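Shown next, in structure tokens, is the structure this report addresses.
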Amino acid sequence: MGDLGEPMEIDASPSRVTRSAKRRSEGQLPPPRRLEPAGAESLVSTWNTQEETSSFRKFISKSSTLPFGQPVAFASIHGSAYTTAQILTQQVAYALSDKIFSYSPESFDLDIAVKNWSEQKIPNSNGYTTEVAVMQTRSGAGSIALGYMFSKDFDLAKRHIPQSLLASSSTLHSLRHALDQLSLLYSVANPFVAHIAAVDYAPNQSGGLVTDYATALTVADELGLGLVASSSAHETQHMSLLSTIIATVLPTIHIYDGINISRDTLCVVDTLGQSGLSVAYKNVLKVLSKASKKADVETKISKLLGAFNSELGTSYNLFEYSGHAHAETVLVAFGGVEASISRQVAEKLSIEGAKVGVINVRVYRPFLEEAFLDALPASTQKIIVLGQVLEQTSVTDESAHSNLYEDVLATTVFSDKFVTTPSVVDHKYARSDSFTPTSIAAILQSFTGKAADAEHVRLTVVEEAQSYTFWDIENSAASTAPSAVSKLLSEDQASNIYIHEVHDNFVQGGTVRTDIRHSKKSIEAFYPIEEADVIYVGDAKLLKEIAILNSVKNGGKLIVRLPGVTNEGLEKNLSSVIRNEIKFREIQLYILDPTLSAAVEKDSAAEVLLGELAFLRVARVDILEDGLDKLAAINGGSDVLTEVYADFDKAIRLSEIPESWADVEVDAEIPDLPKTIKSTSFTGFEKEDKEPAPLLHDWQSAAKGLAFKEAYGTKTALRPDLSVRAYEITVQENRRLTPLTYDRNIFHIEFDLGTSGLTYNIGEALGIHAENDVDEVKQFMEWYGLNGEDIVEVPSREDPAILDTRTVFQSLIQNVDIFGKPPKRFYESLAEFATDEKEKKELFTLGSPEGANEFKRRAEVDTITYADILLEFTSARPSFHDIVRIVSPMKRREYSIASSQMVNPGTVALMIVVVSWVDPKGRDRFGQSTKYLSQLPVGAKVTASVKPSVMKLPTKDTAPLIMAGLGTGLAPFRAFVQYRAMQKAQGIEIGSILLYMGSRHQREEYLYGEEWEAYQDAGVITLLGRAFSRDQSQKIYIQDRMRQSIDDIVQAYIREEGAFYLCGPTWPVPDVTEVLEEAISKEGETTGKKVDARKQIERLKEEMRYVLEVY
């Protein structure tokens, strides 16, 4: 395979449509012929894998992410092939990554291909299967990825291999904290690239899906991340590869259009296979080894881009100019559709003499000002920045500016390139706005003072293409016809097919628009067809809701499916406005009547074949007969197609338009219909099975069970709903460790074990089965009208076959997480009980992918609870039995034990920080378990259980302990020190103890400080390294204190074979590990031994001498 260049145009050969064929396409129909069964030389179809419910295997689209909706073999991606930008992005991620972290919303399918390849155990370029971790989008979502890279079990030999992330821009808010930490720790991290689909839900703004670049621009700017954009599917593979290469220098986001470009099926030439990607990746990175160690990030990226172009034979730039050589007005664009259309429009207008140009910002961060100025013509007088902003309100707010505008303005104002500094205009647009060639031309011409010459700006390549549009409803028998027809058209290797699909689940319960462009040349047309040659309408009701005829050209063809409608009945089914338009614009009207097909009457599923044949008869009669065998193979068999084709001429007819259709009804109301539908989803609504009725009983059933235990198999237990063994213990002490005036409430709580039988080992955790606040439960019961003393039997959460006997009050206190955070499925379940249609619709929306944005705001900003939702949607009143079924159970919370039972056999202690925040309504909110524990009085009873831990003492008492704890992470080390102090008091020789503790302020957070100092005075603690990060101008962390005492660490950890422990948050892991590696290396230099510090750390992990308990 040769070097890659600009997207190639496929040779345009003369049309093979004969005159007779042309006449037939205008209304004369060829006679049907008998089809022979498809033989061995027919097109091999892998499209029909679903369960067969008909006499033929109907084509089913698997995902709009896939080309023609069908899975792609990993090895087949090379050379020229029909694909999607999504597939190419996933291919690069799979080929070059160690692991892929996927945060794909349920219906987005951003990971559908990589999951399939991983399940098939396909090796990546590193020789092993790329693991795909499917994650949930929520607050702190990126912690798992960080934890993987910096975990004690991570294979450091893979440190140079990229880690990739697949997500939508809506996920960036949840990933922000992790990306911030990663950027700070990047010197010791894997190369990290996030492939982000610029798509989000915006139900409060415009409804449905919006293209979101603004979030990525903001996050990259504020966190110092790299940001690279793909402006077309033809370059997506290259930009995915380039982003992965840049990730070796700084964490990088690769952003691409998530609604249009990424899902459109088209032919991409000269794609790289896995081996090509691997070779290019390695060769380009060689340039870094030659770069100066002092070179800044900007210099390195420039060198990498130069090497990238040299390797692939491309000519990409950080900023790419198109248009007139002496442009006076220049548009600056960032993104996919925006940049692609702007470039094409500028080139067309400049050919016509307009002094306009466009700069496509390919690499936004880092923003290289000199490169931008180099791309800008010296003749520039006015710069228009096409800048996206998050909300529509920001478009009209003069004080708000787009991110891109601020960079362009600063670069231009401080430049000495121009005699007269160009004016810079911020042409802001909201995420819900979309663009066409006409709208981009209008923007340019509005600033040049020239009016548009025509209603539509036509791009030459697109204008030359044949354009077809299919309209249908989701559950139509023929809804998959466009994909099958597209696949058939793609068999012509001298042509290019471009397919774009839009789903709107709010029109007719789910409507699909499919645009197909067929051209001899490569096409970039990421916008709806405005002048179709042929339009197919699968349901006439759509003509009443959408101005479909606006997008058919004058003299074009319209196919309308009208079952059982005769010519005389047309006027009843087509409004006077539609009839007038058909007549005045000379549109040819074809009626498709499936009731006249014997094959469809015999098998209704065969109607999809009728739809395919109807389209080909009207639009492409020249390929109809020759393509029948291929069409049969695509649909999984020829027998049914033969039957459908046999009497096909009866079902499709060209309607003669009567002169009466020119009569205009003066009083007729002309509806103001939308020109097209909005993309609200990438698939239709799933029809889910209803849950089985719950096994719930009243107090009489419970009484029988209690009275006749043997007959009913009743057992009495403390908290029978819990699967782990639970103990009842008593609060002995509860005291706050931080001052009352301090914003963090960290407290020490100690329990009397009494006769509970609870035992625990050093380092283990105590699971607290917290209870809801009694007053809040009573308020909820009063508002909801519940009797707390009613007895109910509810299925156990651990085993639904087991029934637990509880009162309503007990269930709300101990079982039902009524004040917890509800998941999406709760909104869906609650909607079934709503009697108000408006509330029912809103609940269904919140539970669907369309409500993702609003759901996220409720969950993460408003911190809404189950009780809040029941209070808000008053028409939804499930019974208490149903509440138990649809509300999640309360979960235990685990805390490291801060005591040793060997020292204090009758007690167990914890150190906890209260989780608290203020919601947007000004209400104080708290973590349920920490608030519960902080308010417990002495003598209160608590249900608890024990969880094992990896934090264990060395088997040798003389082995030194090196411990590092941040905040409440000190808890298990208190138990360690207590035990070692007891041993020392008994005359047992103990090893040295090095304790490093970290917090913000000594005065407020010197947790157990007096105890540590007492242990140090008693000779138990050898070294006490205290790091209070905010008590001085220069922040000091535990790794700094460790480095200051590295000689002590060498002695205790290396020479005396001690054990190291770290407890607390994840972020210090790389820095602390680096200090330990320095200690290992230092000892190696002292002894004259050559050691690999990283391998030594791995060995220490296996020996349980490097133990982490981080969160």
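The values are calculated or read from the model by the stated rules, or taken from the named source; none is laboratory data. In this text, all values refer to a predicted model and were calculated from it rather than measured experimentally. Cβ sites come from the backbone with ideal geometry, for glycine too, and all protein chains shown count toward neighbours. Ligands, DNA and RNA are excluded from the accessible area calculation, which covers all protein heavy atoms including side chains. Shrake-Rupley method; radii C 1.70, N 1.55, O 1.52, S 1.80 Å.
Worth pointing out:
- Scanning the range 372-415 for residues that are out of contact with any Lys or Arg (no Cβ under 6 Å at 6 or more places or on another chain), among the aliphatic types (A, V, I, L, M) and open to solvent by 30 Å² or more (accessible area, probe 1.4 Å) gives 378, 390, 409, 410, 413.
- Tallying residues that are under 21 Å from residue 208 (Cβ atoms) and open to solvent by less than 20 Å² (accessible area, probe 1.4 Å) within the range 850-878 yields 4.
- Scanning the range 906-955 for residues that are out of contact with any helix residue (DSSP H, G or I) (no Cβ under 7 Å at 6 or more places or on another chain) and without any contact (Cβ under 8 Å) to a residue 40 or more places away in the chain returns 918, 922, 923, 924, 926, 927, 930, 935, 955.
- Contact annotation: residue pairs with Cβ atoms under 6 Å, 6 or more positions apart or on different chains, pairing a residue in the range 1048-1061 that is closer than 15 Å to residue 977 by Cα with a partner that is of a type in the set (Val, Ile, Thr), are 1058/962; 1060/962; 1061/1107.
- Residues being without any contact (Cβ under 8 Å) to a residue 24 or more places away in the chain and within 41 Å of the chain's Cα centre (by Cα) - total across the range 748-777: 1
- In this structure, residue 599 does satisfy being buried (at least 17 other Cβ atoms within 10 Å of the Cβ), over 42 Å from the mean Cα position of the chain (by Cα) and under 14 Å from residue 641 (Cα atoms).
- Within the set 1071, 1040, 1092, the sole residue that is surrounded by fewer than 20 Cβ atoms within 10 Å (Cβ to Cβ), over 34 Å from the mean Cα position of the chain (by Cα) and closer than 23 Å to residue 967 by Cβ turns out to be 1040.
- Conditions (1) outside any helix (DSSP H, G or I); (2) in contact (Cβ under 8 Å) with a residue 40 or more places away in the chain: number failed by residue 295: (2)
- Residue list for the range 725-747, filter: more than 43 Å from the chain's Cα centre (by Cα) and either in a loop (DSSP other than H, G, I, E, B) or of a type outside the set (Lys, Arg) (or both): 728, 729, 730, 731, 732, 733, 734
- Residue list for the range 586-596, filter: farther than 26 Å from residue 647 by Cβ and open to solvent by 50 Å² or more (accessible area, probe 1.4 Å): 586
- Where strands (runs of 3 or more DSSP E) fall entirely within the range 315-430, those with at least 1 residues that are within 26 Å of residue 195 (Cα to Cα) and β-branched (Val, Ile, Thr) are at 329-333, 356-361, 363-365, 382-389.
- Pairs where the first residue, in the range 630-651, is within 21 Å of residue 596 (Cβ to Cβ) and the second is among the small types (Gly, Ala, Ser) and not in a loop (DSSP other than H, G, I, E, B), C-beta under 6 Å, 6+ apart: 640/606; 641/632; 643/599; 644/599; 644/606; 647/598
- From 530, 568, residue being of a type outside the set (A, V, I, L, M), surrounded by fewer than 19 Cβ atoms within 10 Å (Cβ to Cβ) and not in a strand (DSSP E or B): 568
- Selection over the range 996-1036 of residues that are under 40 Å from the mean Cα position of the chain (by Cα), surrounded by 19 or more Cβ atoms within 10 Å (Cβ to Cβ) and hydroxyl-bearing (Ser, Thr, Tyr) gives a count of 2.
- Scanning the range 1074-1094 for residues that are free of Cβ contacts under 8 Å to residues at least 60 places away in the same chain and either touching a Cys at 6+ places or on another chain (Cβ under 8 Å) or assigned to a helix (DSSP H, G or I) (or both) yields a count of 14.
- Of residues in the range 276-289 being of a type in the set (Gly, Ala, Ser) and over 11 Å from residue 92 (Cα atoms), the one surrounded by the fewest Cβ atoms within 10 Å (Cβ to Cβ): 289
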